[in-house]
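Down below is the structure, laid out as structure tokens.
The values are calculated or read from the model by the stated rules, or taken from the named source; none is laboratory data. These numbers come from a predicted model, not from an experiment. Cβ placement follows ideal geometry from the backbone for every residue including glycine, while neighbour counts extend to all protein chains displayed. Heavy atoms of the whole protein, side chains included, go into the accessibility calculation; ligands, DNA and RNA do not. Shrake-Rupley method; radii C 1.70, N 1.55, O 1.52, S 1.80 Å.
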Amino acid sequence: MDLKDLEDPVDEEDSWLTKEGKRALKYTNEFRAENALPACNWNQELCHIAKEHCDAMASGQVPIGHDGFDKRFKKVTFYIKSMSENVAWSQGAFDPVRLAVDGWINSPGHRKNLLSYSNICGIGITVRGDN
């Protein structure tokens, strides 16, 4: 047994990283509203799928980017017509969440995803200990 076994289980939906993901969704929805689009709703399953990809990128198992997108699409257990993905990476940023969303807004491909006719969203975030 180690210290990790003694820790209280973390409610994934209430974790700090999930709250930061929801903050990114808030900024995304503000941008969508400026463009006369409805807000997207949070989806914890999509957050979990995104978080797995973030963890894999942060650990170097996959390059930063969209490798394996089709596999992530197939992991969704409910019906969806389509899915898009935005990825961001930062180091030493004062507010990496704001930086990521602003970066997506200012990138044509990412902006297109933000302005799609999506109605749900899940954002995964990982923090590496060596940053």
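Explain nothing, just compute: Karplus ³J(HN,Hα) = 6.51 cos²θ - 1.76 cosθ + 1.60, θ = phi - 60°, for every residue of region 64-80 in order, whole Hz, x for Gly and Pro.
Once rounded to whole Hz, the list reads 5, x, 10, 4, x, 4, 4, 5, 5, 4, 6, 6, 5, 8, 10, 6, 9.
If you line up the Cα atoms of region 53-113 on their principal axes, what length do they span on each, largest first, in Å?
Principal extents (Cα only, largest first): 37, 28, 17 Å.
When the helix-only estimate is applied to the chain (DSSP H runs of n ≥ 4, each -39,500 (n - 2.57), divided by the residue count), what is the mean residue ellipticity at 222 nm, nearest 500 deg cm²/dmol?
On the way: 6 runs with 62 residues, N = 131.
Here the helix-only value at 222 nm equals -14000 deg cm²/dmol.
Give me a comma-separated list of calculated 3J(HN,Hα) values for region 83-91, in order, Karplus coefficients 6.51, -1.76, 1.60 applied at θ = phi - 60°, integers in Hz, x for any Gly or Pro.
8, 10, 9, 10, 10, 9, 9, 8, 9
Give the cysteines in the chain for which no other Cys Cβ lies under 4.7 Å away, or write none if there are none.
By the Cβ distance rule, which asks for a partner under 4.7 Å, the isolated cysteines are Cys47, Cys54.
Given a cut-off of under 8 Å on Cα pairs at least six residues apart, what relative contact order in percent is computed for the chain? Provide the component values of the computation, followed by the final result.
Values: 123 pairs, mean separation 55.5, N = 131.
Taking the mean separation of contacting Cα pairs over the length of the chain, I get 42 percent.
Hey, any idea what Rg/Rh is for the chain, computing Rh the Kirkwood way over Cα pairs?
Result for the chain is an Rg/Rh of 0.97.
Where nothing but the Cβ of Lys and Arg (+1) and of Asp and Glu (-1) is charged, how large is the charge dipole of the chain around its Cα centre, in debye to the nearest 20?
760 debye
Leaving out ligands, DNA and RNA, what percent of the accessible area of the chain is carbon and sulfur, probe 1.4 Å?
Roughly 55 percent, rounded to a whole number.
To test your reading of the geometry: what angle, between 0 and 90 degrees and rounded to tens, separates the Cα axis of helix 44-58 from the longest principal axis of the chain?
Value to nearest ten degrees: 70.
Students often check this: by mean Cβ neighbours within 10 Å, which of 47-56, 99-108 ranks highest, and how do the rest follow?
Per-residue mean Cβ counts within 10 Å order the peptides as 47-56, 99-108.
Can you count the Lys pairs in the chain with C-alpha separation below 26 Å, eight or more apart or on different chains?
The number of close lysine pairs in the chain is 27.
Quick one: 3J(HN,Hα) in Hz for region 116-123, Karplus 6.51/-1.76/1.60 with θ = phi - 60°, rounded, Gly and Pro as x.
Using θ = phi - 60°, the values come out as 6, 8, 6, 10, 9, 7, x, 10 Hz.
Roll a 1.4 Å probe over the protein chains and send me the accessible area per residue for the chain in Å².
Normalised by residue count, the accessible surface of the chain is 68 Å².
Quick check: the distance between the Cα centres of region 22-36 and region 62-82, to the nearest angstrom?
One Cα centre to the other: 22 Å.
Amide H of Ile120: which non-local residues (sequence gap of 5 or more, or other chain) have their own amide H closer than 5 Å, using H built in the peptide plane?
Long-range HN contacts for Ile120: Asn41.
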